[in-house]
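This report concerns only the one structure given below.
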Amino acid sequence: MGRFFRSLLHFAPLMLPLLIVLGGAACATASETPPNRNAMPAARTVATATHEPQSVAAAPAEPPASASLAPSTEGETLVIRVAEPQSDIPAYERKDWRHWIDEDSDCQNARQEALIAESETGVIFADSDECRVIRVNLTGPYTGERFGDASDLDIDHMVPLANAHRSGGWNWSKERKAQFANDLSYPNHLIAVQSSANRSKGSKGPEDWKPPRSGYWCQYATDWVVIKQSWELTATRREANTLRDMLAGCAEPPSLVVMSAGDAPTPSATQAATPTVTPLSDDAPLYDPDGPDRDCSDFTDWEDAQAFFIAAGGPEDDPHRLDGNDDGIACNSLRR
């Protein structure tokens, strides 16, 4: 044993430089990658517009158009068709309106797509597959609250599925019901909202429930009408009257023409949602704001009377008193 220690002392001057080099390398490695047994794998952030990974510390990408901003309809004409719900329709079955589906097979279903579209900055996914969103950055339009945790949000159907069912959707095929339940083509058809607000709304129409944030009523009513018009769904009389009142609060209120369900065709779901007013025929009285007063006897066709009524400011303004029962329709006596 004594000989062994004396051998070590003999070689010590030769080993010292090597020990210094190895020790320095070990220290450098330890300082660069300190151990952390509790660290979780870093979540990935994705730019909303491109779905390409980016650093959390990097400048955020230009935010996309928010889903709370629908195509402008201010000052334009909207149409809502009125019919009271039928009592003999089949019961609503939520399972018939299949959602959420992944239409483009990219592993992100309609809920995830809506969250990505509405987040004001990049979202964070649960893992590297980028299929499920866990973090967002958006303002709930119904309440004005800010949200970051995706689990605090529901994806609301602006026109609830049960409401669509009793408004005419009960007669659709299951394929068309699924299209409605997952439609991403209109920005506000699906909208991320506070879970409690969505559940408070349920299947109610605007006549029974409005967003707590009154500043959103104009947009809410506009989206409601456009969606019902586009999908050829009807409204009740109470619903239509409430929508008219809500639209009156817009900065430039769109005109709302209230029609009976069988009177005016509406665009299909694949067509533009903004309607046009049929022009006056060649022999119909032209609208002139300084011209003579008119009554229903001046018209031979109801279509001409209705077009004149709209041109004169109807249904909000009826200077010629063509809408005697205030139902948004001129000269009911001329209708066949």
Of these, 132, 146, 166, which one is within 25 Å of residue 209 (Cα to Cα), surrounded by fewer than 22 Cβ atoms within 10 Å (Cβ to Cβ) and free of Cβ contacts under 8 Å to residues at least 60 places away in the same chain?
146
What are the residues in region 232-253 that are assigned to a helix (DSSP H, G or I) and closer than 18 Å to residue 83 by Cβ, if any?
237, 238, 239, 240, 241, 242, 243, 244
Condition met for residue 229 (in contact with a Leu (Cβ under 7 Å, 6 or more places away or on another chain), more than 22 Å from residue 325 (Cβ to Cβ) and not in a loop (DSSP other than H, G, I, E, B)):
yes
Quick check on residue 295: is it farther than 17 Å from residue 224 by Cα, in contact with a His (Cβ under 8 Å, 6 or more places away or on another chain) and at pLDDT 85 or above?
yes
Of everything in region 296-308, what is part of a helix (DSSP H, G or I) and more than 33 Å from the chain's Cα centre (by Cα)? Give them in sequence order.
296, 297, 298, 302, 303, 304, 305, 308
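The values are calculated or read from the model by the stated rules, or taken from the named source; none is laboratory data. Since the model is a prediction, treat every value here as computed from it, not as a measurement. Backbone-built Cβ (ideal geometry, glycine too); neighbour counts: all protein chains shown.
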